[in-house]
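Enquirer: If you scroll down you'll find the structure; I have some questions about it.
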Amino acid sequence: MDTEFDVIELEHARAGDLTEHLRELMPGRPGELQDARAQADPRSNAIILSGDETDRLRMRGLIAQLDREVHRGNTRVHYLRYARAETVAELLRSIAEHDPGMETEDGDGPRVHIESHESTNAVVTSGPAERLRDFDDIIDQLDIRRAQVLVEAVIAEVSSDRVEELGVQWGAIGSSAAGVLSFSERQTGIVDLAAGIDAYLGGEVASPPGLSDGLTVGGAGQSGNNAIAGLVNMLQRDSATNILSTPSLLTLDNEEAEIVVGQNVPFVVGRSIEDSGQAFDTIRREDVGVKLRVRPQINQGNAVRMEIEQEVSQLAPGTAGAADLITNTRTLTTHVLVDDGDMLVLGGLIEEQQTDQEAGVPGLGNIPGLGRLFRADRNQTEKRNLMVFLHPRIVRDSADGAELTSEKYSFIRAEQLRERARTRGRGDTTPVLPQWDRLTELPPAFEELHPAYATDHAD
């Protein structure tokens, strides 16, 4: 026998809610709607009936009695699980204002009123039932759990500081005293020369005092009753990498996160003078240091699109004629796309600074040719290349979050154990974190804590 169907479009009731009531009646006593079936179609807000014709007629009559407009007013409270009530309510108001079907007959305003309740994170809607059904579906689609992104970063300066220094140290020993005169910034050389000049000139040591990381050329001579020794210091030094910061930022998908490591420095931005002649400065404080601002967005295929703003600033040395503080700033702004778990490096912000210094005896240091014997010249060229390494990781649920927490927790505990082993026997009583053995336990279902939510969203 061919099965017949009836499609009943509802005007006031919600198909999912009404279908649940009908299903409660179907397993009744023999002969009472046993052979009929009802299925809701949320898209068209209709109910599809199948089964015996007599049972279908009885169900149609029951549906007609239930599908009536409620004159006491339609007000619904939606308790949100993940979304912010204020944000959802603002979006719904915008939809109601721009949808012609939402306006009253006289066109004075929307027929649906929407408010948010911050304390319970709930959205309250009131209006005609057929319009509220549309908003119910929108709220259900917006109130979803969003993934998070952990962005691990390393901000480093790959610098090449080249320092060249040329200076002279003179030492003399008379019949009763020894003296040292230095035109070099290598102060350790001065001390070495003062302490070792007697031994060197007396033949107790084979070579003059030297510098460990430079080149020293020495010599000695006799002038009357005084013995004279000289050391020429030549120094060249290169530096290495400097890690500025290693921040980790965890933020929701498509939400901005920022970290600042530095100082809050006051700058004078204005000055006013009162009638009494007293001056007042207007101060504005700004952050000086390392800043990282990132907005990750998860795309298809576990790719992460990131909007990055990176800034490294520092106070410059005092400059002659400057009215206020001066800052040196390097800024990087870009949009990148990187897969989940991959590493991305950004760089190329090179800063070069050259410093020349000269110290010596006034007059004698300016003698052509011989002047170098009475002065020290220092030349420093500094190049710093800012490099930013980014490592995004997608956190979709509590299990992923627990795994990341376990990794960080175990790392800290391993460092504590390593430090305790290094200081064993020294009376170190620093406590160590217990071993990570926490099992991932999900909280009770939201519907169990809020039965009203489950009833309102029943299919």
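The values are calculated or read from the model by the stated rules, or taken from the named source; none is laboratory data. No experiment lies behind these values; they were computed from the predicted model shown. Counting neighbours? That spans all protein chains shown, and the Cβs are built from the backbone with ideal geometry, glycine included.
Enquirer: Only one of Q222, Q236 is exposed (fewer than 14 other Cβ atoms within 10 Å of the Cβ), out of contact with any strand residue (DSSP E or B) (no Cβ under 6 Å at 6 or more places or on another chain), part of a strand (DSSP E or B) and modelled with pLDDT under 85. Can you tell me which?
Expert: Values: Q236 fails: out of contact with any strand residue (DSSP E or B) (no Cβ under 6 Å at 6 or more places or on another chain).
Only one candidate passes the filter, namely Q222.
Enquirer: If the requirement is being among the hydrophobic types (A, V, I, L, M, F, W, C), at pLDDT 75 or above, closer than 30 Å to A122 by Cα and part of a helix (DSSP H, G or I), which of these qualifies: A414, A399?
Expert: So the residue among A414, A399 that is among the hydrophobic types (A, V, I, L, M, F, W, C), at pLDDT 75 or above, closer than 30 Å to A122 by Cα and part of a helix (DSSP H, G or I) is A399.
Enquirer: Hey, can you tell me all the residues within segment 36-52 that are surrounded by fewer than 20 Cβ atoms within 10 Å (Cβ to Cβ), part of a loop (DSSP other than H, G, I, E, B) and touching a Gly at 6+ places or on another chain (Cβ under 8 Å)? Break it down stepwise before answering.
Expert: Here is the first cut: in segment 36-52, the ones surrounded by fewer than 20 Cβ atoms within 10 Å (Cβ to Cβ) are 37, 39, 41-44, 46, 48, 50-52.
When the remaining residues are screened for being part of a loop (DSSP other than H, G, I, E, B), the result is 42-44, 51-52.
Correct list: P42 only.
Enquirer: In segment 387-424, how many are under 18 Å from T246 (Cβ atoms) and in contact with an Asp or Glu (Cβ under 6 Å, 6 or more places away or on another chain)?
Expert: Narrowing segment 387-424 to residues under 18 Å from T246 (Cβ atoms): 387-393, 404-405, 407-412, 414-415.
Now restrict to residues that are in contact with an Asp or Glu (Cβ under 6 Å, 6 or more places away or on another chain): 391.
Within segment 387-424, residues that are under 18 Å from T246 (Cβ atoms) and in contact with an Asp or Glu (Cβ under 6 Å, 6 or more places away or on another chain) number 1.
Enquirer: Scan D281, D253, D275, D287 and give me the residue that is farther than 22 Å from I155 by Cα, of a type in the set (D, E, K, R) and modelled with pLDDT of 80 or more. Even if it seems obvious, please write down each step before you answer.
Expert: Details: D281 fails: modelled with pLDDT of 80 or more; D275 fails: modelled with pLDDT of 80 or more; D287 fails: farther than 22 Å from I155 by Cα.
Unique residue meeting the criteria: D253.
Enquirer: Examine segment 50-70 for a residue that is at pLDDT below 80 and either within 30 Å of Q148 (Cα to Cα) or under 51 Å from the mean Cα position of the chain (by Cα) (or both), and state whether such a residue exists.
Expert: Scanning segment 50-70, I find at least one residue that is at pLDDT below 80 and either within 30 Å of Q148 (Cα to Cα) or under 51 Å from the mean Cα position of the chain (by Cα) (or both), so the answer is yes.
Enquirer: Tell me, yes or no, whether segment 343-365 has at least one residue that is among the hydrophobic types (A, V, I, L, M, F, W, C), part of a strand (DSSP E or B), within 17 Å of V158 (Cα to Cα) and modelled with pLDDT under 70.
Expert: We begin by selecting, within segment 343-365, every residue among the hydrophobic types (A, V, I, L, M, F, W, C); these are 343-346, 349-350, 359, 361, 364.
With part of a strand (DSSP E or B) added as a condition, the list becomes 344-346, 349-350, 359.
From what is left, the residues that are within 17 Å of V158 (Cα to Cα) are 344-346, 349-350.
Now restrict to residues that are modelled with pLDDT under 70: 349.
Yes, segment 343-365 has at least one match.
Enquirer: Take P100 and decide whether it is at pLDDT below 85 and either among the aromatic types (F, W, Y) or surrounded by 16 or more Cβ atoms within 10 Å (Cβ to Cβ) (or both). Spell out how you get there, then give the answer.
Expert: Details: at pLDDT below 85: yes; either among the aromatic types (F, W, Y) or surrounded by 16 or more Cβ atoms within 10 Å (Cβ to Cβ) (or both): no.
Judged against the criteria, P100 is not a match.
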